[in-house]
Every structure is written in structure tokens, then in C-alpha cells.
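Report on one structure; see the data block that follows.
Just so you know, all these numbers are worked out from the coordinates, no wet-lab data involved. Computed from a predicted structure; not experimentally measured. Neighbour counts run over all protein chains shown; Cβ positions are idealised from the backbone, glycine included.
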Amino acid sequence: MNTRMRAIFGCAGARLSADERAFFRGAKPYGFILFGRNIETPDQVRALVDELRSTVNDAAAPILIDQEGGRVARLKPPHWKARPPARRFGELHETAPEAAREAAYLNARLIAAELAALGINVDCVPVLDVPVEGANDVIGDRAFSRDPTIIIDLGRAVIEGMIDGGVLPVMKHIPGHGRAGADTHLELPHVTTDAEILSATDFVTFRSLNQCPLAMTAHVVYDAIDPQRPATTSPKVIRDVIRGEIGFDGLLMSDDVSMNALSGPISARSKAALFAGCDIVLHCNGSMEEMAEVAGEGKPLEGPSLKRAEAARAHLSAPGTFDAAAAETRLAELLGVLA
């Protein structure tokens, strides 16, 4: 991996502008993330992926996407198949755990096959948050269940399905977004729950799956741990909870630093996330002005962060033989129980 910046950037449209190409060549970010604004057809996506990678001279540079299924899916019909939200697999698990595990694995494997065909090699799944009654619906049916044991079971199946399909999973939103009373795209939520309860419920899903190669932080303040800073910019949360109690030693990226849960200049947000212990800053909206601010605080990917990046990439391998048509049929049978 050539020398890279500790950042992941989005781009503005379906093709790179001359300014974007020049900026990415100079900044050399660790990777890129795609959104609906970047998606038109399979051939167009493949061309964009290739062009992004060419700017950093790395044919395997991480290209991320949020392809969860349900309401969070950047690839949509008619070119790509609509997938159910995570909650559907949790509902199946309540009566048929083995069928639910198989269904979650097959669904992940099928998504991975679609992504790999486009050159996309990182999917920001699974969502391991544990929703509670009264929380904001920004997580909602993106979570498998309100039962941590079901989330752990199905989250493990998704991680395995992604890796078997040649795509790296990113568990989110560590150490837990399920209690947030606000949408972090819009404002900063405070969670007032005791640390002991958080440990036994919210954190346990991430602790049980802490071998996932990548994780994304939560822009959530946990008053019992650090009442001043959200997890993304809290050295205490990252050191004591994410790296300590949860035991996650994989590559840790921030959630999008352009979200309104964070305050202050983008440069200050980026600096704070890196100082707190994030390995990578994620910036999604494609604004050149904001990306330049992130780059101004950019640090080279080196030391422990580089080792984690290399360890994550080591999980990537060519997918084995996979009969997608048979998997689609079997998945429909499994989910048909709920019809």
C-alpha cells in the first residue's frame, strides 16, 4: 500500500471532474465511498471505481458503499436487486434461528457478489446497534432486533457472508447507536444510560464480534463515560470502551464528519477524530472545499493505523464458487416463511 492519507472521501457525481482527479492525486486518501449520486449503471459504476483507484495508483484501494438493504441501499432496481431490511432476518430468527442465520448469510453473500462485480470491496454492514423503545428511528429496522443475542448471531452471519464474497464488512455504529434520541445527521444525541447497562446491552454486540476487520464510530455522547464528547471525538470512549472493554483492534473509521451531530469547522472535527484515536476520517458529501479542510489536517497512514489497514486488507480474497441463482431461490424460500 503506497503512502496514503488517513481519510476516505466521496465524490460529487457519476464521473470525476478534473479538479477531483487532481485533488485525489495530491491528497492520496486511503479510500473512497459511493452514494446514490454516484450511481447510474453497472458500466458507469465500474468506470468510476477504476478512475477513483487510478488517482491513488492502487488497484485494490478500498471503495466503500452503504448497501444494507431496506431503506439504506445505494444500488437500486432496475440494475440491482432490492434486499430486505435487517429486521426481517431478526423476525425470522424469533421462530427459526437456523433459517435466519442461513438467510442472513445468503443475503450478504448475494450483496457481496453484486458489489464485487462492480469493483466495490467494502460494505458498511452489519448494523450492530440495539434499538430501544423511544429511540429515534434513524436505526429502526436497520437493526436486526432489540435482542442483542439475535443481533450477534445474524451479525456474525453477515460478516462471514461478506468476507466469503470478497468484500470487507464494517460493523457500525460502535459502541452503539440504538439508544440515540436524535438523528445524528441532524443533531447530537446524548445517552444518559448507566455504564453497566450500556456494557451489558449496547456494547455486547460489538464485543462479541470484535474480530470484524473494520468498524465505524457513533456520533453519540454517552454521559456516563464522557459527557463532553461524542464517541467519534472522545479519547476516553475510544481508548477505554472501543479498544479496551469491547476489545476491537481492527481499523476504526469515524462516521461522516460532515454530519450535523458534530460542530465546528470540518478541519477541527477531523483533527479531533484523529486525536481521539480514529484511524481514518470519513467525509462523504463530496464538497471540494470541505475535503480540502480534511486534507489540511490529514496525517499519513502509518504506525498502528497502517498495521490495522494492512490487517483488514488481508481479509480480502477472491470469492469461491458461488451459485447466485440457487442462492436467490433458497433465500426466497427461507424468507417466504414470513410472507
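So here's what we get for this one:
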{"item": "Size descriptor, Kirkwood hydrodynamic radius, that averages inverse alpha-carbon separations across the stretch 1-112, Å", "result": "15.7"}
{"item": "Measure of compaction for the stretch 78-192 (Cα Rg per 2.2 N^0.38 Å)", "result": "1.08"}
{"item": "Lys pairs, the stretch 5-338 - Cα-Cα below 20 angstrom, 8 or more residues apart or on other chains", "result": "7"}
{"item": "Cβ-based exposure ranking for TYR222, TYR105, in which fewest neighbours within 10 Å come first", "result": "TYR105, TYR222"}
{"item": "The chain, helix-only ellipticity at 222 nm - DSSP H runs n ≥ 4, -39,500 (n - 2.57), divided by all residues, nearest 500", "result": "-11500 deg cm²/dmol"}
{"item": "Most to least packed among 137-146, 38-47 [average Cβ atoms within 10 Å]", "result": "137-146, 38-47"}
{"item": "Which labelled figure in [x] 1.02; [y] 1.13; [z] 0.93 is Cα Rg over 2.2 N^0.38 Å, once derived from the coordinates", "result": "[z]"}
{"item": "Most to least packed among 190-202, 110-122 [average Cβ atoms within 10 Å]", "result": "110-122, 190-202"}
{"item": "Candidates PRO131, PRO85, PRO175: whichever shows maximal mean-square fluctuation once the chain is modelled as a Gaussian network with Cα springs under 10 Å", "result": "PRO85"}
{"item": "Gained length - ALA96 relative to ALA12, 0.36 nm times residue gap less alpha-carbon distance", "result": "25.9 nm"}
{"item": "Between the stretch 264-308 and the stretch 59-136, the Cα center-to-center distance that results, in Å", "result": "27"}
{"item": "Stretchable slack from ASP50 to ALA325, in nm (0.36 nm times residue separation minus alpha-carbon distance)", "result": "96.3 nm"}
{"item": "Relative packing of peptides 151-159, 53-61, 25-33 - highest average C-beta neighbours within 10 Å first", "result": "151-159, 25-33, 53-61"}
{"item": "Kyte-Doolittle at least -1.0, axis length at least 18 Å by Cα - qualifying DSSP helices, the chain", "result": "42-55, 97-118, 148-164"}
{"item": "Value of Rg/Rh across the stretch 200-339 [Cα atoms, Kirkwood radius]", "result": "1.08"}
